[in-house]
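Have a look at the structure below, then the notes.
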Amino acid sequence: MIGLNEKDSQLYIDNVSLGKIAEEFGTPTYVYSASHIRAQYQKLQSSMAKALPKNRQPLLCYACKANSNLAILKLLQNEGAGLEIVSEGELMRGLAAGFDPQKIVSTGVGKQASEIANALEAGIRQFNVESLPELEHIQQIAAAMNQSATVVFRLNPDVSGGGHHKISTGRKRDKFGISREQVFKGFQMAKDMSHIHAVGLSMHIGSQVFTVETFRHAFEKLPEIVAALRAEGHTVSRLDIGGGFPIVYKDEKLLDFDAYATWVNDIIVPLETDIIMEPGRYMVGNSGILLNEVLYIKETADRNFLILDGAMNDLIRPTLYEAYHDIEAVRKSGKGTKTYDIVGPVCETGDTFATDRELPETQAGDLIAIKSAGAYGFSMASNYNTRPLPAEILVDGDEYAVIRPRQTLEECLRNDIIPEFLQK
Ligand SMILES: Cc1ncc(COP(=O)(O)O)c(C=O)c1O
């Protein structure tokens, strides 16, 4: 089986029971399906292979902020993926996982000097430039290193793309990208810059984009802009059309990839450029769960609380984005159901994964899976309340391995220093 499935009234990831994983590695623990991630990559790739000509197949640069564990990166690198990075740390991860630097694109509104220098040194494919001061900064660093920096400009289309206001990135008021006018100015400035090679445009409108219509709306101005840039003598040989492909959290109707691929073929391919995509959540989101144990059942006059050992520091999406995650008992008891609020131990009312969820009647010690947690789960985890980062396990068919051990409390405390003037 691929991904999360049920067998003999128990939840499995691929062919490995979650009960067994909890026994062996404890909880809270992230568990991912390698086969699911592979299948997602191949599904996107084959939709494009069907719809687009051979010489216009996109480079799929995995947005590794979604889940940057080296094992996940290696898995996708083995599939032939490229990488989208937003920091020096992600560059290090990409190189450590063996990505060809010519398949790495650097995005983000606040690229720092060392980040730019290291990316130039590594020889990445391109910088997606998000402001004109950033362009000047890249020129300065590239000149000092005597390296040429290949850049594309991120266009802000002023369209709301994301499923939640905090994951929408393409509106005029968002910090991302630059206006049409600034794109033209950027190309003009680049012409006079000794170490900048401007070759195209990028656009990413947000996450959880469900309809081709939304993409169409955002990208409809692109052909005219490309033509106008070319008319002014600028090179537009690359278009990076971002990520935003959705996954299932509840009962969402997902983007029709074949329709999307047809749209890319109709709108982007005629512009005769190389094409890059930056899928993040789509690659890993539905591959993973957060596995928890129930510590206590607390019944009050108002509510029944299921208190888990996992908390908002392990998975912050519900409290940060009011995100819905489906939640299931790992072993189906066959008993009646009850309505619970599912919470963690952290000292915040916001440490609530879900309210009013119907689950089989549950006892302390039972295991609970929080689903669709493979993206923006571990990568956003913290040590809040001095809770160690959870373990991560990768399952691949019958095989499984720890891809990050649970952090120890010693590791949590190791870097704190009590200064001498307090040691009295
Ligand atoms: C520039 C850029 N590309 C790609 C992504 C990935 O988005 P998603 O995970 O929705 O595919 C993001 C997400 O923040 C992004 O900012």
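All of the numbers you see were taken from the coordinates with simple rules; none came from a lab. This is a predicted model, so every value here is computed, not measured. Positions of Cβ are backbone-derived with ideal geometry, glycine not excepted, and every protein chain shown enters the neighbour counts.
Fully extending the segment from residue 335 to residue 10 would add 115.6 nm, taking 0.36 nm per residue of separation and subtracting the current Cα-Cα distance.
Within the range 371-407, find all residues whose amide N lies under 13 Å from a label point positioned 7 Å from the Cα of residue 416 along Cα-to-beta-carbon. Backbone N within reach: 383-388. Each residue of the range 129-146 is assigned a 3J(HN,Hα), and the resulting list reads 7, 10, 6, 6, x, 5, 4, 5, 5, 5, 4, 4, 5, 5, 5, 4, 8, 6 Hz, derived from the Karplus form 6.51 cos²θ - 1.76 cosθ + 1.60 (θ = phi - 60°), x at Gly and Pro. Under 5 Å between amide hydrogens, built in the peptide plane, is the criterion, and for residue 198 it picks out 151 among residues at least 5 positions away or on other chains. For residue 63, the amide hydrogen comes within under 5 Å of the amide hydrogens of 84, 280, counting only partners 5 or more places away or on other chains and with H modelled in the peptide plane.
A straight chain from residue 299 to residue 147 at 0.36 nm per residue would run longer than the Cα-Cα distance by 48.2 nm. Taken one residue at a time, the phi angles of the range 13-23 give Karplus couplings (6.51, -1.76, 1.60, θ = phi - 60°) of 10, 6, 9, 10, 6, 5, x, 5, 5, 4, 4 Hz. Gly and Pro are set to x. For the range 264-343, applying the loop criterion from DSSP together with a ceiling of 15 other beta carbons within 10 Å to the GluC sites (Glu not before Pro) yields 272, 322.
Between the C-alpha center of the range 257-307 and that of the range 363-424 there is a gap of 21 Å.
Extending 7 Å from the Cα toward the beta-carbon at both residue 349 and residue 55 defines two label points whose distance is 6.3 nm. Note on residue 189/residue 250: beta-carbon distance plugged into 1/(1 + (r/R0)^6) with R0 of 45 Å gives a FRET efficiency of 0.45. Of the cross-linked pairs 65/103; 250/371; 43/371; 74/103; 111/172; 20/298, those separated by over 18 Å at the C-alpha level are 43/371; 111/172; 20/298. If both residues of a DSSP beta bridge must be in the range 218-312, then about 60% of such bridges are antiparallel. For the chain, the longest principal axis of the C-alpha atoms and the axis of helix 113-122 are separated by about 80°. Residues whose amide H comes within less than 5 Å of that of residue 240, counting only those at least five positions distant or on another chain, are 201, 202, 203, 276 (H built at 1.01 Å from N in the peptide plane).
If you plug the beta carbon distance of residue 401 and residue 132 into 1/(1 + (r/R0)^6) with R0 = 60 Å, you get a FRET efficiency near 0.85.
The chymotrypsin sites (Phe, Trp or Tyr not before Pro) found in the range 222-329 include none that occupy coil by DSSP while having at most 14 further C-beta atoms within 10 Å.
Rounded to the nearest 500, what is the 222 nm mean residue ellipticity of the chain from helices alone, with -39500 (n - 2.57) per DSSP H run of 4+ residues and division by all residues? One gets -8000 deg cm²/dmol as the mean residue ellipticity at 222 nm. Each DSSP beta bridge with both residues in the chain is either parallel or antiparallel, and the antiparallel ones are about 50%.
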